[in-house]
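Below: the structure, in structure tokens.
The values are calculated or read from the model by the stated rules, or taken from the named source; none is laboratory data. A quick note: this is a predicted structure, and the numbers were derived from the prediction, not measured. Cβ: placed from backbone, ideal geometry, glycine included. Neighbour counts: every protein chain shown.
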Amino acid sequence: MARGNALLFRKPLSGIQIMRIDVVGKHIDITPAILEYAQKKADKLTKFFDGTQQIRVLVESPQGKKGEIHVEVVVDVEKHQDFIANATGPDLYAAIDTAVDKAARQVRDFKEKLKT
């Protein structure tokens, strides 16, 4: 498995928060371009909810399914089970976009639910 890690430092009102973004490849090599793109997209998820602790982006090329990419985004937040979003398609970058959009919707809905 190819891995890429990033530690992002955010400064919320209560002090410094360290949040980790992992980009993991299964049956696919994670190039610096893929790593940077996935981290940039995943970083947007932290804007929706301050309790985000870790984000994991799994990029997989399933064996036997040539030309198809599966992306899974797992968002670990405080006081809730992990949010998991999946996307599959022939284009890696489009699959990352779709999975991050699905995860963003889940986190936004959770935050709205907390407000009420």
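Things worth noting here:
- Just so you know, in region 46-57 the residues that are surrounded by 19 or more Cβ atoms within 10 Å (Cβ to Cβ) and modelled with pLDDT of 90 or more include one that is farthest from Asp76 (Cα to Cα), and it is Val57.
- Applying the criterion of being out of contact with any strand residue (DSSP E or B) (no Cβ under 7 Å at 6 or more places or on another chain) and among the small types (Gly, Ala, Ser) to the residues of region 58-71, the residue that is modelled with the highest pLDDT is Gly67.
- Residue in region 38-49 that is part of a loop (DSSP other than H, G, I, E, B), out of contact with any Asp or Glu (no Cβ under 7 Å at 6 or more places or on another chain) and touching a residue at least 40 places away in the same chain (Cβ under 8 Å) present: yes
- Qualifying residue in region 65-74 (condition: more than 14 Å from the chain's Cα centre (by Cα) and aliphatic (A, V, I, L, M)): yes
- Selection within region 11-42 - among the basic types (Lys, Arg), at pLDDT below 90 and either surrounded by 15 or more Cβ atoms within 10 Å (Cβ to Cβ) or more than 17 Å from the chain's Cα centre (by Cα) (or both): Lys11
- Any hit, region 95-104, residues being outside any helix (DSSP H, G or I) and either surrounded by 12 or more Cβ atoms within 10 Å (Cβ to Cβ) or modelled with pLDDT under 85 (or both): no
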